[in-house]
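We did not get these values from a lab; they are worked out from the coordinates using the rules stated. Being a predicted model, the structure only gives us computed values, none of them experimental. No Cβ is skipped: glycine too gets one built from the backbone with ideal geometry, and neighbour counts run over all protein chains shown.
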Amino acid sequence: MHAAQMFMEADEESKASLQRQTRRAALNRDKEAADNKLVADYFADELVYTDEMFRRRFRMSRRLFLRIADDLAQSDPFFTLRYDARGQRGFSTLQKCTSAIRQLAYGYAPEALDEYLKMSERTARECWHRFCE
């Protein structure tokens, strides 16, 4: 009985060490700079892209997009800017909505959003899934 208990403890320790080894290193994506760029490009007072360009890229008006983003933030806390337990900034409402809408409008693969939005594939996929719910 004692040997079986030792075997089980050793098995649990090996699983724990395996979990530590397979955990991915956190990448330092500059989420805040990406959000600032998104706002400057499409939502600031002095826009980089015109209303017509916004409509072509998002397949809707800026006003409709902002209404959808606001409704999502009101109905699901996932779509709000939050900080994690380590105090790390999350993605803004605009980043999460942009991710979901671009995936739906253009069939973007979730990993394609890393360049502009600085968003991981996993987070982009979750944005899409929550948006569709």
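Numbers at a glance
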{"quantity": "Ratio Rg/Rh [Cα only; Rh per Kirkwood] for segment 43-133", "calculated": "0.96"}
{"quantity": "Förster radius 25 Å - calculated FRET efficiency between Arg29 and Glu52 (Cβ-Cβ, nearest 0.05)", "calculated": "0.25"}
{"quantity": "Neighbour-count ranking [beta-carbon atoms within 10 angstrom, fewest first] of Cys132, Cys97, Cys127", "calculated": "Cys132, Cys97, Cys127"}
{"quantity": "Sorted by Cβ neighbour density within 10 Å, fewest at the top, the residues Thr93, Thr98, Thr123", "calculated": "Thr93, Thr123, Thr98"}
{"quantity": "Sequence of Tyr83, Tyr106, Tyr49, Tyr42 once ranked by neighbouring C-beta atoms within 10 Å, starting from the fewest", "calculated": "Tyr83, Tyr106, Tyr49, Tyr42"}
{"quantity": "For segment 59-133 versus segment 29-57, the gap between their alpha-carbon centres in whole angstrom", "calculated": "14 Å"}
{"quantity": "Point-to-point label distance, Ala85-Glu121, nm (Cα→Cβ direction, 7 Å offset)", "calculated": "2.6 nm"}
